[in-house]
Structure formats: structure tokens, C-alpha cells
Amino acid sequence: MTGAGCLPEILARAEARRGALTEAELAFLLRLERENEIGMLCDAAYRVKLREVGKTVHLRGLIELGNRCVKNCLYCGIRRDNTRENRFTLTMDEVLAGAEQILAFGYGSLVLQAGERTDVRWTDFITEAVRKIRELDHGALGITLSLGEQSEEIYRQWFEAGAHRYLLRIESSSPELYATLHPADVLHRFAPRLEALRALRRIGYQVGTGVMSGLPGQTAEDLARDLIFFRDLDIDMIGMGPYLPHHATPLGQKVLAEGSFDPARQLSIGLKMIAAARLLLHDVNIASTTALQALAPDGRERGLLAGANVMMPNVTAAGYRANYQLYDNKPGCDENAEESRAALERSVAAIGETVEYGAWGDSPHFRHRHDAKSVTTQSQEVR
Ligand code: 5AD
Ligand code: SF4
């Protein structure tokens, strides 16, 4: 039985060893409501973060390449059926200008993100963009892609062009909950999404995934199973955030009409998920996402204090940002890249951490797994 009296013991055990928490214990942590208990949870996660990944924040300059999307996820503002959205796609020159800016800022890594498209014109454009970025950066930048579900062949093509990390959120590891968030058609099936994560791993990417928390109908047990899912897939990077309604989506309209949206609750569950993920998984990279900042001005800093170690400053030109609204009130739409950079410096300094410039900032977990593999191979060779 897990009761409040067990909290110090559970936290101590989680701090001491990766993977030490059961599903029931994770659900117990995610259900904590009292300020002081949530404080204990976040403090324990923060200690693990300092020990495993240090007191430095790694940056990934985020370029939003375009908001055209073939999918129709019920929660997302750039879903295909949202005809009110102005659609844009960056030109190659704009993408490369973004990459130059990221280099000049010393961010060390970039993320190319967009709605999902699988047409050859698009997949070739990405291959070309990755190649061209590699030409201009001479290997200085880590390149992460976040471009949705693609065939294994396309993932491989992009890997060979020079990308080495991929983010594909599973959104929810529960096939039943996943089905409530997506139309019931062939484009939105759970099984191929899971298979896509496996394909990315086979190819050799550092693989990131994540979920939305605080979804209608989602329980603490569902979220606990999401964390176990990350562990079982041996995920390297995590990007997750609380669900936020968008007024022009079916799910957003339902939530807003019911009046059930509670920003404080969403922030709290988002932070508890970060802390629980850090306590379970120890050496993975965890992003403090913009969705947290949408709920509180200091949301991203609070994410860092709950155990996150990565931030993704937006370098998309200010004119396009407002068109990449996955949810209402996305922060930073009126900032340019310089201002986003300054805002981020202030956030990090405010909590006594420092930004690590000029480093790829690979997931230590990925490195550890590879080191372990090469040690095994070497010892097998010796034998
Ligand atoms: N609230 C929070 N996160 C959202 N995403 C999309 N729509 C929303 C929303 N309304 C997240 C999804 C997706 C990522 C690009 O943004 O998790 O994978
Ligand atoms: Fe498209 Fe991603 Fe939004 Fe779904 S969540 S509609 S795939 S951009």
C-alpha cells in the first residue's frame, strides 16, 4: 500500500537507483496534491538531475518549418480541418538563415519541427535541408527532427543526410486513450506510431518521445504507465507537456464549453510528470516545454527545477510564429529570436543554472547505452 507516510522512503529508493519505481508508486507520486509533498517530489528529482546530467541547461534552437499537416488530431490547432489557420512553409533560404542564427547564438543543436507531411517534395526538401545545414555548420550542430510518422526508408534517408535525433511523441501509451484523441481512420492508428519509434531506434537515432498530461479522461495510472512505457522502450529523450485547449479543435471546444480547464492543475500535473520521469529514468534528457510557460510566466524555470535539463528557444521568424499555434495563447509569438534568447538567459540565471553553449548536449543515457554496448562487444572480442 502506498500512503503519504511512504513518500520519503519511495523518493530515497528512486533517487538511489534508476528504474526503481513501480507503476503504483508512480501513480501515487502523480496524485500528490499538497504543496509540501509536491515540493519534496521536485527536490528529489532535482537532486537526481544534478547528479546525472549537471546544473547546465542544453539548448536546441527550434525552427518551425511549416504548419501544413495531413493529420487531424482532435486536440491540435494546426490539424488539417482547421481552415481558419494561415498555412505557411519556410523556403530553403529561411531554413538556412535560421540555422545560421542558431550557430551564431552558440545554441549547439537545432530542432526542425513541422506538421506531418509525407509527400516526396517535402521529404526531399528535408533531406536537402539537413544536408545543407551540415555543409554550413561543419558538424557543429546537433540535428534533431520532429516531423511525425514516416516510413523507415525516409527516416533512414534523413539519418544518412546527417540528422541523428528524432522526436516522436506517442501522445498517450494507452491505445484506448489514444483513440479518443484521434479520428478513427488509417492515418491515426496507434500501432504504426509505436512501430515508427522502433524503426527510429533500429536506424540508430537518439529517440525522444513524450505524452500530453492532464488530458480529459486520463488517470494517474495512465500517466504512470506512460512513464513505464518510456522505460521499457529505453527512450533517450523526453518532451512532454500539459494539454492546453485550442478553441478551433473538437477537443478544445468540448473542454472550453464544459468549463473543466484548470490551468493550475495542468501546470501541476506537467511538473509532476517531469519530476517522476527524472526519478524513474535518471540520465535521459528532458525538455522543459513551452506548454508549461503558457500556463505560468515562470513555467519553464519550474520545469527545470522539477528535473528538466533542455530548453528549446524558438528561432522561427516572429511573423510565422503566430501561425504555429498548437494551443491557444502560445507564448513568445511577439518575440523575435534575439528576444527569445534574452528571455531564456534570464530564466536560466534566475534559478542559478547556466546555459551550456556550443555543445550538442547528447542524451547521457544514449551515451551510456552505447558505452555499455561497446564494452560488451570488446569483452566478447577478448573472449
Ligand atoms: N496542447 C498541448 N500539446 C499539444 N500538442 C499538440 N496540440 C497540443 C495541445 N492542444 C503537442 C503534441 C504534439 C506536439 C507537436 O505538440 O504532443 O506531438
Ligand atoms: Fe499534425 Fe502533429 Fe498537430 Fe497532429 S499533433 S495535427 S500530427 S501537427
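Using Cα-Cα distances under 8 Å and only pairs 6 or more residues apart, what relative contact order does the chain have, in percent? Taking the mean separation of contacting Cα pairs over the length of the chain, I get 24 percent. Residue-wise HN-Hα couplings along segment 204-212, as the Karplus relation 6.51 cos²θ - 1.76 cosθ + 1.60 with θ = phi - 60° gives them from phi, are x, 5, 6, 10, x, 9, x, 9, 9 Hz; Gly and Pro carry x. Between Arg31 and Asp232, the C-beta separation translates, for a Förster distance of 22 Å, into a calculated FRET efficiency of about 0.50. Segment 32-83 and segment 199-252 have their alpha-carbon centroids 10 Å apart. Cysteine residues of the chain whose C-beta has no other cysteine C-beta under 4.7 angstrom: Cys6, Cys42, Cys69, Cys333. By the rule of a C-alpha distance below 27 Å, with chain neighbours fewer than 8 residues away ignored, the lysines paired with Lys49 are Lys272, Lys373. Of the residues His246, His368, His164, the one with the fewest other Cβ atoms within 10 Å heads the list, and the complete ranking is His368, His164, His246.
A straight chain from His370 to Asn86 at 0.36 nm per residue would run longer than the Cα-Cα distance by 97.9 nm. Over the chain, DSSP H runs of length four or greater, each weighted -39,500 (n - 2.57), average out per residue to a 222 nm ellipticity of -15500 deg cm²/dmol. For segment 184-314, the relative contact order is 22 percent, taking Cα pairs closer than 8 Å that sit 6 or more residues apart in sequence and dividing their mean separation by the residue count. Please state the shape class of the chain: rounded when a/c is under 1.5, otherwise prolate if a/b exceeds b/c and oblate if not, all from the C-alpha gyration tensor. It comes out rounded by the Cα gyration axes. In this structure, the amide hydrogen of Val355, modeled 1.01 Å from its nitrogen in the peptide plane, lies closer than 5 angstrom to those of Val57, counting only residues at least 5 positions away or on a different chain.
With neighbour counts taken as other beta-carbon atoms within 10 Å, the residues Ser288, Ser172 rank, fewest first, as Ser172, Ser288.
Residues in segment 223-240 carry Karplus couplings, in order, of 5, 4, 5, 4, 5, 5, 4, 4, 5, 5, 7, 6, 5, 8, 9, 10, x, 9 Hz; the curve used is 6.51 cos²θ - 1.76 cosθ + 1.60 with θ = phi - 60°, and Gly or Pro positions show x.
Sorted ascending by nearby beta carbons within 10 Å, beginning with the fewest, Val186, Val48 become Val186, Val48.
Per-residue 3J(HN,Hα) values for segment 182-190, derived from phi via the Karplus relation 6.51 cos²θ - 1.76 cosθ + 1.60 with θ = phi - 60°, read 9, x, 8, 10, 5, 6, 10, 8, 6 Hz in sequence order (x marks Gly and Pro). Close amide-amide hydrogen proximity is noted between Asn314 and Leu62, each under 5 Å apart and 5 or more residues distant or on a separate chain (H modeled in the peptide plane; Pro and chain starts excluded). Each DSSP beta bridge with both residues in the chain is either parallel or antiparallel, and the antiparallel ones are about 5%.
A short reminder: the numbers here are calculations on the coordinates, not readings from a lab. All values reported here derive from a predicted model rather than from experimental measurement. Glycine gets a Cβ as well: all are built from the backbone with ideal geometry, and neighbour counts include every protein chain shown.
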